[in-house]
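Engineer: The structure follows.
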Amino acid sequence: MAYSEKVIDHYQNPKNVGTLDKAKTNVGTGLVGAPECGDVMRLQIEVDETTGLIKDAKFKTFGCGSAIASSSLATEWLKGKTVDQALTIDNMDIVEELNLPPVKIHCSVLAEDAIKAAINDYRVKNGMEELVLDEKKH
Amino acid sequence: MSVKLPIYLDNNATTPCDPRVVEEMIPYFTEKFGNAASRSHAFGWVAEEAVDYAREQVAKLINASSKEIIFTSGATEADNLALKGVFEMYSSKGNHIITCTTEHKAVLDACKHIEKLGGEVTYLQVQPDGLVDLNELEKAITDKTILISIMYGNNEIGVVQPIREISAIAKKHGVLFFTDATQAVGKIPVDVEADGIDLMAFSAHKMYGPKGVGALYVRRKNPRVKVTAQMDGGGHERGMRSGTMNVPGIVGFGKACEICMNEMEAEATRLSVMRDRLEQGLLELEEAYVNGNIEHRLPHVANISFKYVEGEGLMMGFNKNIALSSGSACTSASLEPSYVLKALGLGDDLAHSSLRFGLGRFTTDEQIDYTIDAIKETVLKLREMSPLWEMYKEGIDLDAIEWAHH
């Protein structure tokens with residue numbers, strides 16, 4: 001299968017690989033996927049408590065090139081958004097941006113799930129209600 | 001770097017044609033184009049003579065008689081012909097076939113077809129090293145058993161089954177023994193007499209011959225074995241396989257066998273030294289494991305799992321320059337990781353993390369050096385990116401985590 005140039009670029013030069021301190025109250029961590037399925041994504045956001053903006057986002061992903069690219073792109077998009085804005089990131093935006101073929105759509109779904117899981121972790125830590133998320137089909 | 005790229009290390013999928021093979025074949029496309037079944041003119045005689053000669057070359061490599069060679073379109077057809085042909089021919093004797101879970105799909109799917117026709121099939125589990133348990137095999141035999149079908153060398157892990165022990169068990173119980181030897185013939189000595197094989201499938205394109213041609217060996221003496229044809233037509237190949245002979249393909253197959261006969265021993269030694277060096281180089285990485293038995297193994301094959309990185313993601317790091325295959329689900333349409341690796345009892349995570357290396361006649365030392373470096377570099381890079389690697393390094397038990405399956 002041929003990968004799109006954008007997938008290859010993210011794979012070769014992934015943005016925001018790393019780890020934030022998950023003990024901090026302004027850091028939300030989402031860990032989604034399963035090793036048996038061949039994809040695990042961990043996505044973290046760090047929220048600026050005065051502005052409410054996501055000031056940093058990091059990921060680590062076990063998976064194929066498209067999974068790595070989807071999470072790398074997600075961290076790029078998260079930075080500078082408010083938490084509520086971040087919730088509007090849709091997996092199909094990732095599909096479109098990276099030209100993912102149909103068999104790789106689940107990688108984008110996983111990235112969206114990771115964003116939402118990180119936001120939920122942040123909300124719960126900060127005394128907000130956990131969002132009930134629609135299950136998308138992987 | 002003087003190494004010629006891309007590097008081909010997927011010789012279990014197919015091999016390039018040896019130029020000496022191509023040279024033999026060429027006249028049979030043009031001036032010697034006759035139909036080997038045309039008995040009435042010189043064009044047919046020339047073609048028939050070429051087929052007869054190739055049949056001798058093929059038979060000689062496996063210590064058979066040329067009359068025992070049935071040419072087919074490849075190993076898949078030969079597998080189908082052996083299994084379905086025996087099932088049909090020996091239906092009055094019984095309907096039970098014994099095989100194992102790591103067989104090639106051509107065998108497994110033919111067995112499933114036979115089950116639909118009323119046959120009974122036992123799929124033996126293999127041991128964690130990929131070898132069949134001989135006691136289990138013998139225990140599975142019933143008075144309805146007509147055939148044991150166990151492959152010679154495995155296409156994914158290279159494990160070589162105890163063929164002589166299996167054939168002895170089959171003989172003791174009066175059961176026929178068929179082996180899919182597609183990966184073994186031309187790579188290691190295969191001798192149908194010494195090995196006690198009754199039927200055997202193999203293919204030209206795995207041994208530097210052309211695609212589209214293979215053979216089924218069918219024993220003629222002690223016992224005389226027959227298979228019911230699965231394709232009706234002109235009654236070619238002693239009535240067992242109708243269809244106009246693929247003369248250029250068969251000529252190429254014959255030449256490929258002759259070359260293997262002469263060069264196999266030296267080639268096997270050369271490849272096993274190279275394979276071992278590749279393996280040792282890659283096993284310098286932490287958490288890298290060889291899959292399958294390493295003693296009873298084809299000389300040119302290695303299957304290695306690199307824990308905490310995913311196979312397809314791993315291949316993406318170098319697949320512009322190195323051609324390999326992975327047991328990862330993502331490389332196949334099925335979204336399931338390799339059933340062979342799973343049959344060894346490997347967790348899905350290790351199956352997803354595997355690479356299969358198939359060295360070949362044209363593999364060089366420089367290519368092996370390049371491959372070791374490229375794969376090590378990619379594994380290290382991806383582990384830096386892997387949340388599982390980070391957790392492993394922190395001492396977190398990944399099996400204790402409740403993963404959200406999707």
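The values are calculated or read from the model by the stated rules, or taken from the named source; none is laboratory data. Not measured: the values here are computed from a predicted model. Methodologically, a virtual Cβ is constructed for each residue, glycine included, from the backbone with ideal geometry; neighbour enumeration extends over all protein chains shown.
Engineer: Which residue is nearest to the chain's Cα centre (by Cα), if the candidates are limited to the stretch A:1-15 and must be of a type outside the set (Asp, Glu), more than 9 Å from chain B (Cβ to nearest Cβ) and closer than 14 Å to A:PRO101 by Cα? Step through it out loud before you land on a result.
Structural biologist: To start, the set of residues in the stretch A:1-15 that are of a type outside the set (Asp, Glu) comprises A:1-4, A:6-8, A:10-15.
Then drop every residue that is not more than 9 Å from chain B (Cβ to nearest Cβ), which leaves A:2, A:4, A:6, A:10, A:13, A:15.
Filter again for closer than 14 Å to A:PRO101 by Cα, leaving A:2, A:4, A:6.
Working: A:ALA2: 23, A:SER4: 20, A:LYS6: 17 Å.
The qualifying residue nearest to the chain's Cα centre (by Cα) is A:LYS6.
Engineer: Working only within the stretch B:268-313, note down all residues that are of a type in the set (A, V, I, L, M, F, W, C) and farther than 12 Å from B:ILE372 by Cβ.
Structural biologist: Of all residues in the stretch B:268-313, those of a type in the set (A, V, I, L, M, F, W, C) come to B:268, B:271, B:273-274, B:278, B:282-283, B:285, B:288, B:290, B:294, B:298, B:301-302, B:304, B:306, B:309.
Passing the criteria: B:ALA268, B:LEU271, B:VAL273, B:VAL290, B:ILE294, B:LEU298, B:VAL301, B:PHE306, B:VAL309.
Engineer: Which helices (runs of 4 or more DSSP H) sit wholly inside the stretch A:1-116 and have at least 1 residues that are touching a Lys or Arg at 6+ places or on another chain (Cβ under 9 Å) and surrounded by fewer than 23 Cβ atoms within 10 Å (Cβ to Cβ)? First the steps, then the outcome.
Structural biologist: Details: elements: A:5-12, A:65-78, A:83-86, A:91-98.
The qualifying helices (runs of 4 or more DSSP H) are A:65-78, A:83-86, A:91-98.
Engineer: Given the criteria over 19 Å from B:TYR392 (Cβ atoms), at pLDDT below 95 and more than 8 Å from chain B (Cβ to nearest Cβ), does A:ASP93 qualify? Even if it seems obvious, please write down each step before you answer.
Structural biologist: Details: over 19 Å from B:TYR392 (Cβ atoms): yes; at pLDDT below 95: no; more than 8 Å from chain B (Cβ to nearest Cβ): yes.
Answer is no for this residue.
Engineer: Which one of these does B:ASP191 not meet: (1) surrounded by fewer than 23 Cβ atoms within 10 Å (Cβ to Cβ); (2) acidic (Asp, Glu); (3) free of Cβ contacts under 8 Å to residues at least 60 places away in the same chain?
Structural biologist: The number of the failed condition is (3).
Engineer: Given the criteria of a type in the set (Phe, Trp, Tyr), in a loop (DSSP other than H, G, I, E, B) and at pLDDT 95 or above, does B:PHE43 qualify? Give the steps one after another, and end with the answer.
Structural biologist: Working: of a type in the set (Phe, Trp, Tyr): yes; in a loop (DSSP other than H, G, I, E, B): no; at pLDDT 95 or above: yes.
It is false that B:PHE43 is of a type in the set (Phe, Trp, Tyr), in a loop (DSSP other than H, G, I, E, B) and at pLDDT 95 or above.
Engineer: Can you pull out the residues in the stretch B:73-105 that are surrounded by fewer than 20 Cβ atoms within 10 Å (Cβ to Cβ), assigned to a helix (DSSP H, G or I) and under 16 Å from the mean Cα position of the chain (by Cα)?
Structural biologist: B:LYS105 - this is the single residue of the stretch B:73-105 that is surrounded by fewer than 20 Cβ atoms within 10 Å (Cβ to Cβ), assigned to a helix (DSSP H, G or I) and under 16 Å from the mean Cα position of the chain (by Cα).
Engineer: Which of (1) out of contact with any helix residue (DSSP H, G or I) (no Cβ under 8 Å at 6 or more places or on another chain); (2) closer than 22 Å to B:GLU336 by Cβ is the odd one out, the single condition A:CYS64 does not satisfy?
Structural biologist: Answer for A:CYS64: the failing condition is (1).
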